[in-house]
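Trainee: Quick one: structure below, then a few questions.
The values are calculated or read from the model by the stated rules, or taken from the named source; none is laboratory data. Everything quoted here is computed from the prediction, not taken from an experiment. When we count neighbours, we look across all protein chains shown, and the Cβ atoms used for this are built from the backbone with ideal geometry, even at glycine.
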Amino acid sequence: MKEWPLKVSKLSKAEIREATRDSHWQEFRLGMKAYNTEGKLDCLEIYHTNGRVFDKTNHERRMRRVRIDNYINALLRGGQLKRVAPNRIVVQR
């Protein structure tokens, strides 16, 4: 995937702390280190899609989105992704 298809929301530090405490997320996140940026986006899209099946509450769905958006924001800060329009994020490297 060369472009992230979802809108990335602004997050509070409290939400990020709560969402990233999840041990399954940490395993998933560490597993993505082996992939290039396009592969990471593919993995995040699958992670997002799985939420439709496995997340039972609005809170679970929100925490999944916070994890994803936080990871996308980290890739933006690291220069792997680039925002080319308000709602358009593309792979830079």
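Trainee: Restricting attention to region 33-50, does a residue exist that is more than 27 Å from Q92 (Cβ to Cβ) and either touching a Ser or Thr at 6+ places or on another chain (Cβ under 9 Å) or of a type in the set (D, E) (or both)? Full working, then the answer.
Mentor: In the first step, residues of region 33-50 are kept if they are more than 27 Å from Q92 (Cβ to Cβ); the result is none.
No, that holds for no residue.
Trainee: Further question: Out of region 20-40, which residues are of a type in the set (A, V, I, L, M, F, W, C) and closer than 10 Å to Y71 by Cβ?
Mentor: As a first pass, look at region 20-40 and keep what is of a type in the set (A, V, I, L, M, F, W, C): 25, 28, 30, 32, 34.
Of everything in region 20-40, those that are of a type in the set (A, V, I, L, M, F, W, C) and closer than 10 Å to Y71 by Cβ turn out to be W25, F28, M32.
Trainee: Please specify each residue of region 79-90 satisfying the condition of being in a strand (DSSP E or B) and out of contact with any strand residue (DSSP E or B) (no Cβ under 8 Å at 6 or more places or on another chain).
Mentor: From region 79-90, those in a strand (DSSP E or B) are 81-85, 88-90; that's our starting set.
Matches in region 79-90: A85 only.
Trainee: Moving to a separate point now. Regarding region 58-66, can at least one residue be identified that is over 18 Å from G31 (Cα atoms), touching a residue at least 60 places away in the same chain (Cβ under 8 Å), touching a helix residue (DSSP H, G or I) at 6+ places or on another chain (Cβ under 8 Å) and of a type outside the set (D, E, K, R)? I'd like the intermediate steps shown before the answer.
Mentor: Going residue by residue through region 58-66, those that are over 18 Å from G31 (Cα atoms) are 58-63, 65-66.
Narrowing further to those that are touching a residue at least 60 places away in the same chain (Cβ under 8 Å): none.
No, that holds for no residue.
Trainee: Is it the case that V53 is β-branched (V, I, T), modelled with pLDDT under 95 and out of contact with any Leu (no Cβ under 6 Å at 6 or more places or on another chain)?
Mentor: Values: β-branched (V, I, T): yes; modelled with pLDDT under 95: yes; out of contact with any Leu (no Cβ under 6 Å at 6 or more places or on another chain): yes.
Yes; evaluated as a whole, the condition is true for this residue.
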